[in-house]
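Presented below is the structure to which this report refers.
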Ligand SMILES: Cc1cc2nc3c(=O)[nH]c(=O)nc-3n(C[C@H](O)[C@H](O)[C@H](O)COP(=O)(O)OP(=O)(O)OC[C@H]3O[C@@H](n4cnc5c(N)ncnc54)[C@H](O)[C@@H]3O)c2cc1C
Ligand SMILES: Cc1cc2nc3c(=O)[nH]c(=O)nc-3n(C[C@H](O)[C@H](O)[C@H](O)COP(=O)(O)OP(=O)(O)OC[C@H]3O[C@@H](n4cnc5c(N)ncnc54)[C@H](O)[C@@H]3O)c2cc1C
Ligand SMILES: Cc1cc2nc3c(=O)[nH]c(=O)nc-3n(C[C@H](O)[C@H](O)[C@H](O)COP(=O)(O)O)c2cc1C
Ligand SMILES: Cc1cc2nc3c(=O)[nH]c(=O)nc-3n(C[C@H](O)[C@H](O)[C@H](O)COP(=O)(O)O)c2cc1C
Ligand code: FES
Ligand code: FES
């Protein structure tokens, strides 16, 4: 069930260039049932900023009622958020969306592909998948300064890193790394910028793939039709917030 | 000289019903040269609230670079301010206006009249006047719960209190108390709601009087013509923020 | 406190409803609270055929407001009747169906079909749409076009007909007068103001459609002005909207001359907002000295 | 970075100026910084005779904006020439004089007097004023009235003439076109949108004049849209305004098609704002990849 709740900030700290990790606590966390779901964050009192900000759940712990979000400050809203500190409260709507379907995967070789601020939800995904599967994570960042969670990913997957400028790991894009992998993956999961998803969709069309897509949002719950994409289904479209944000690669047009 | 400065909150606490006293520190305080001047307060980051709030300086201390404001929460802006605490900063423009002229008063019997949120600037005034004069303060409040600074005023003046509902002091208005005073005052100073000022202006027309007037403000510095009142002068008007907020009772039309 | 209002023959248990386009067809919000609590439900615009709407991005944030250019995406009137209205039948809350189109005939056809549905208790026509036959000029900006449209639609609409006015006009009173003379049973005001935001990174409009409709608290002073202006010339019921997010806002709209209010953008920030406003309205009315809604009506600013 | 702009024959050292009515005649702000730093100074509206203006309250706060109904208070053109302009002579900053009136003849008379002053480098006529001879209809809402006014004023105005457009119109492009054809040398846009706020305690409009002009960030999306619309039909210089408070806002206006910008409401919150914006503009331009103002002009959103 979706909830609207003031969560308590447990910690909030920079973990890479312009990138922060925030740990939040509250009952809402109990409602999270899959990696890949997201929450919708109100900025300040919401007087000046009328739209919430969608952020993926990077990891969650039902026992502690805690979840982690990882976010890159791009504008005023997340800049405000980066200034929160322990004990502050944050107005959160969620969990939203359907997340990654991992329930039926056992003993598979799985490829997880992330780029930039698309990386966060893949961490909880890798945690889950790694319980019963063999997971390889290919993560792309702009440069060394932007990299985060490398060790966390290494704990739960084979992790390969690409940077656009070659300042760390392999120089180039995630697709360059994938070309060099000769493993027989059965399934892939990807989250990142549209251009990356589109290149991956092309490159791995022979595989069963799941893409997590971003779009500017209004309501976040399927009511306003802001976040629509054309799709190969009856209706001819999907709503990212309600039908996604994760889609089978054959369903959506990028 | 007028300054724009982030002052530091030293303390901020309720002192009567919906009424707060805030102590602020900063260089701006050095510029205050008279009781009755005011400051113009920005609410929060000023994104949603575009207009500043004018508040009288209740007292100031050049040695400590500190000043006190006393304010009654009437709307969103001052409600925000009431939540500030020690160490927070407040964006202040000031000092503005000309304040009360007390320099030429020695050995006089002076009447000081205040109503509600008009009381604060009269405290610094009484402090100054009492150095060389004999001061009687008549203060009106709605009811007992709204009274503040009674003891502070008593320290520097003969203080008489009226409440509208009679819950403390004399029941009625300040004008009722004034009627009963048979002292020979030479000068009076008044600050409070328009109806009070107007009644006092009538009642004490034979005296030299100075009225501190409130009006909704834009700029607070004399540039926007928001706070104009008709007046008996060349121009036919005064700007409260620039020419006032204190006027000789014969100059302004209430 | 009795919050009942009568809106041109339509009785609402309270004056608060979500506005068209900001509540879908109710389904999503029914996960948050019981839709029976609402005064009415205004559903998303229906057109003759299904529409996909505009390219994304379709929304952008602005100071105390937002832009949207959804582009009237909807499954078409027949699908709405078949797939969406049955869900709303379970509630006793009156449904107001919002109608849009590119031609007069489309409005008439869609209205006729929707007005025939038992669950639909009133029709609201959105006349901010461009008229393709008149070269894209909006029905709502020309009194003659607005008159014709209202007159023709009213012929097929036995239920109360509300006309939703566009604020993008020099003089809203002439449009209001035209639609009243043409037989409108009520007015909804205001729709969004046309605005634009440019993305400094791409140096292009942020909304793919270039312009979008500005809504939210930013436009409230314009809505209040226009309702106040129109109220001075008509006794038609007015559904007021534009930036409502608090019970104080609601009272301000009622004082300006609205009989009921619709809440749009605020639903996105707080999906519970309509329920909260309904709960809190009596207390706020009392705070400002009103013992009933009629007393507010009596105090309408003249 | 070179910030010089050419505005219809008028050269400014940078594109930033305070807007009319928000800067008085400069005196108060000269206590805060050196007015020589400004691109230009637009002074308060002048009318033929002195005006006292409206009853107070004249201003009210609204979400991310404000309403004002100052009512063109000013000492009259002769007093302005005698008492205010001499003060501005000490600065090398070009002065743009804003002109208002109730009749065509008043605009002509005031313009003629002001344009004859050496310190005045350009005239801006505010056509949002009601024309008393035409029963109160605003000069700026009717293309024919706007044309006549501009044409007559231009006859007595040898200096660049800017016409300041009202946004309270159905189609701003027709007004822009009319004043261009009538001989305007440039456009200023936008003036305020008419709005209202009701005080819940008194149940009356908060502004004594009932309605006031809405300004501030709330109206920025509307200003951007209108400038973008008008830019697509004209090469006249445009002074853009409406809600500017940051250097990002300025770049957004330039990308929409403005050649220079004016800052109004923001001066009240921060008297240093124009100076700050001038200081910070080069850095912000670089942040978005611009090496000069011309590059921004080249990137104007089409
Ligand atoms: C389902 C989903 C999950 C996301 N998860 C993450 C995450 O885990 N970490 C992370 O750093 N970012 C994530 N993003 C992107 C994030 O929402 C934006 O970066 C953020 O909203 C920017 O807010 P701002 O106030 O800093 O920027 P501003 O540019 O000031 O925001 C203005 C408006 O634009 C919207 N907006 C701006 N950029 C984007 C964008 N890329 N996508 C969607 N809306 C945008 C904002 O929501 C807001 O309404 C996600 C987006 C979606 C749709
Ligand atoms: C020169 C001067 C000195 C003042 N000194 C004091 C003081 O020492 N203590 C105190 O409690 N109050 C004082 N006031 C009144 C105080 O400014 C208002 O109560 C305050 O601005 C209300 O702000 P708000 O955000 O709480 O209310 P809101 O109603 O939300 O304010 C909205 C807008 O209205 C304006 N406004 C509302 N009420 C008034 C008012 N009575 N006078 C002027 N503007 C108003 C605000 O400035 C703001 O722009 C003074 C006013 C003036 C003009
Ligand atoms: C995302 C969105 C979609 C909208 N869709 C419609 C619509 O389909 N039909 C309509 O008449 N109005 C539509 N509107 C306008 C609203 O119903 C309302 O008139 C306007 O947003 C002002 O109210 P607000 O400020 O409370 O949002 C839409 C508004 C938004 C924000
Ligand atoms: C208090 C005030 C007074 C104004 N007076 C005038 C005026 O005399 N003449 C004029 O053309 N515009 C006047 N304006 C309009 C501004 O110049 C400007 O066009 C408008 O406020 C939008 O810009 P902003 O949002 O930056 O304030 C006034 C605006 C305000 C807020
Ligand atoms: S954001 Fe409203 S439908 Fe997806
Ligand atoms: S508040 Fe602007 S002149 Fe007084």
Residue set D:118, D:152, D:103; condition surrounded by fewer than 17 Cβ atoms within 10 Å (Cβ to Cβ) and touching a helix residue (DSSP H, G or I) at 6+ places or on another chain (Cβ under 7 Å); output residue D:103
Of B:197, B:204, B:254, the only residue that is buried (at least 19 other Cβ atoms within 10 Å of the Cβ) and under 18 Å from the mean Cα position of the chain (by Cα) is B:197
Among strands (runs of 3 or more DSSP E) entirely inside the range C:1-108, those with 2 or more residues being under 20 Å from residue C:216 (Cα atoms) are C:16-18, C:59-62, C:65-68
Selection over the range C:205-230 where residues are assigned to a helix (DSSP H, G or I), more than 7 Å from chain D (Cβ to nearest Cβ) and buried (at least 23 other Cβ atoms within 10 Å of the Cβ) yields a count of 5
When the range C:121-163 is checked residue by residue, the ones that are assigned to a loop (DSSP other than H, G, I, E, B), in contact with a strand residue (DSSP E or B) (Cβ under 6 Å, 6 or more places away or on another chain) and farther than 17 Å from residue C:189 by Cα are C:136, C:157, C:159
The correct count of residues that are over 20 Å from residue B:123 (Cβ atoms) and surrounded by 23 or more Cβ atoms within 10 Å (Cβ to Cβ) in the range B:19-39 is 0
Scanning the range D:250-272 residue by residue, those part of a helix (DSSP H, G or I), within 10 Å of another protein chain (Cβ to nearest Cβ) and in contact with a helix residue (DSSP H, G or I) (Cβ under 7 Å, 6 or more places away or on another chain) turn out to be D:251, D:252, D:253, D:254, D:255, D:256, D:266, D:267
Among the residues of the range D:179-204, the number that are part of a strand (DSSP E or B) and within 22 Å of residue D:71 (Cα to Cα) is 9
Considering the range A:207-225, residues that are within 20 Å of the chain's Cα centre (by Cα) and either within 16 Å of ligand 2 (Cβ to nearest atom) or surrounded by fewer than 24 Cβ atoms within 10 Å (Cβ to Cβ) (or both), and then whichever is modelled with the lowest pLDDT, we arrive at A:208
Scanning the range D:51-79 for residues that are more than 14 Å from chain C (Cβ to nearest Cβ), more than 20 Å from residue B:241 (Cβ to Cβ) and either at pLDDT below 95 or within 16 Å of ligand 1 (Cβ to nearest atom) (or both) gives none
Only one of (1) at pLDDT below 95; (2) crowded, with 22+ Cβ neighbours inside 10 Å does not apply to residue A:74, and that is (2)
Scanning the range C:164-204 for residues that are farther than 30 Å from residue C:56 by Cβ, out of contact with any strand residue (DSSP E or B) (no Cβ under 9 Å at 6 or more places or on another chain) and surrounded by fewer than 21 Cβ atoms within 10 Å (Cβ to Cβ), the one nearest to the other protein chains (Cβ to nearest Cβ) turns out to be C:171
Taking the conditions exactly as written (crowded, with 16+ Cβ neighbours inside 10 Å and assigned to a strand (DSSP E or B)), does residue A:60 satisfy them or not? yes
Among helices (runs of 4 or more DSSP H) entirely within the range B:146-254, at least 1 residues that are in contact (Cβ under 8 Å) with a residue 60 or more places away in the chain occur in B:174-180, B:194-203, B:240-243
- Query: In this structure, is residue A:228 away from chain C (no Cβ under 14 Å) and buried (at least 24 other Cβ atoms within 10 Å of the Cβ)?
  - Reply: no
| query | Is the range C:25-37 home to any residue that is within 16 Å of the chain's Cα centre (by Cα) and more than 13 Å from ligand 5 (Cβ to nearest atom)? | reply | yes
(1) away from every other protein chain (no Cβ under 14 Å); (2) at pLDDT 95 or above all hold for residue A:51 apart from (1)
The condition of being touching a strand residue (DSSP E or B) at 6+ places or on another chain (Cβ under 8 Å), more than 14 Å from every other protein chain (Cβ to nearest Cβ) and within 25 Å of residue B:213 (Cα to Cα) holds, among B:59, B:65, only for B:59
Exactly one of C:280, C:210 is more than 16 Å from ligand 1 (Cβ to nearest atom) and within 30 Å of residue D:295 (Cα to Cα), and that residue is C:210
Selection from the range D:127-138 of residues surrounded by fewer than 24 Cβ atoms within 10 Å (Cβ to Cβ) and closer than 19 Å to residue D:18 by Cα yields D:128
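The values are calculated or read from the model by the stated rules, or taken from the named source; none is laboratory data. Quick caveat: nothing in here was measured; it's all calculated off a predicted structure. Every residue, glycine among them, receives a Cβ derived from its backbone with ideal geometry; neighbour counts consider all protein chains shown.
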